[in-house]
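Written out below as C-alpha cells is the structure these notes cover.
The values are calculated or read from the model by the stated rules, or taken from the named source; none is laboratory data. If you're wondering where the values come from, they're calculated on a predicted model, not measured in any experiment. As a convention, Cβ positions derive from the backbone with ideal geometry for all residues, glycine included, and neighbour counts pool all protein chains shown.
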Amino acid sequence: MEKHPMTPEGYAKLKEELSRLKNKERPYIIGEIATAREHGDLSENAEYHAAKDRQGMIEARISILESTVGLAEVIDISNISSDRIQFGASVTVIDEETEEESTYQIVGAEEADVNEGRLSVSAPLARALIGKSEGDAIEIHAPGGTRNYEILAIKYN
C-alpha cells in the first residue's frame, strides 16, 4: 500500500483523535446504548437508534484513522534547509492579478485545511509550487480560471 506523507504535528493530532475516540467516545456511547436499551421496546426507541448511529460514525472514524496512521510516513521538516519548495515548506505567494499575499504550508492530505493555511501536497497549487524557488512565477489552471502567482518566500519551521 502507498504511504501518505505527514508532518509530525499532523501525525500527533491524528493519534490524539484516535486515542480520544477509542478511550472516551467509544466507552461513552456503549454506555448510552445500554441506558437506551433499558427503556424498553427498541423498535420505537429514538435514543437507542441515535446512539447506534453515533456508534457507527465513531467506529467508521476509528477505522479510517487506524488505516491513516498505519500508512503515515512522518517527515521531519526541522532538518530541511533548501532554497526549493518541498513537502513541509511554508510558502508565501502573491496573486499577480489581485496582489493578495497568502502563506501556505504544504502538508499531507489528511492534515490539510486551506482555512488554516495548510495545503494538501496533492492540491494543484502545491503541485505547481513543488521544486520552485523564491522569485519564480507559476500559473495554475483552476475551475475559476487561470491564476498567476509569484513566490515571495520559502521557510521550513
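Being in a strand (DSSP E or B), free of Cβ contacts under 8 Å to residues at least 40 places away in the same chain and closer than 27 Å to HIS4 by Cβ is a property that ILE140 has. On the basis of being modelled with pLDDT of 90 or more and in contact with a Gly (Cβ under 8 Å, 6 or more places away or on another chain), does ARG147 make the cut? Judged against the criteria, ARG147 is not a match.
Checking region 6-18 against the condition returns no match, with no residue being in contact (Cβ under 8 Å) with a residue 24 or more places away in the chain, assigned to a helix (DSSP H, G or I) and more than 20 Å from ALA112 (Cβ to Cβ). How many residues, within region 37-80, are within 21 Å of ARG26 (Cβ to Cβ) and either of a type outside the set (D, E, K, R) or more than 23 Å from the chain's Cα centre (by Cα) (or both)? The total comes to 24.
Would it be correct to say that TYR48 is crowded, with 17+ Cβ neighbours inside 10 Å, under 18 Å from ARG118 (Cα atoms) and not polar (S, T, N, Q)? No. Region 28-124 holds strands (runs of 3 or more DSSP E) entirely within its bounds, and those carrying 1 or more residues that are among the acidic types (Asp, Glu) map to 72-74, 90-95, 101-107. In summary, GLU96 fulfils each of the numbered conditions (1) in contact with a strand residue (DSSP E or B) (Cβ under 8 Å, 6 or more places away or on another chain); (2) under 17 Å from PRO8 (Cα atoms) with the single exception of condition (2).
The single condition among (1) within 18 Å of the chain's Cα centre (by Cα); (2) exposed (fewer than 11 other Cβ atoms within 10 Å of the Cβ) that ASP83 does not meet is (1). Please enumerate the residues belonging to region 1-40 that are of a type in the set (S, T, N, Q), in contact with a Gly (Cβ under 9 Å, 6 or more places away or on another chain) and exposed (fewer than 11 other Cβ atoms within 10 Å of the Cβ). None; the set is empty.
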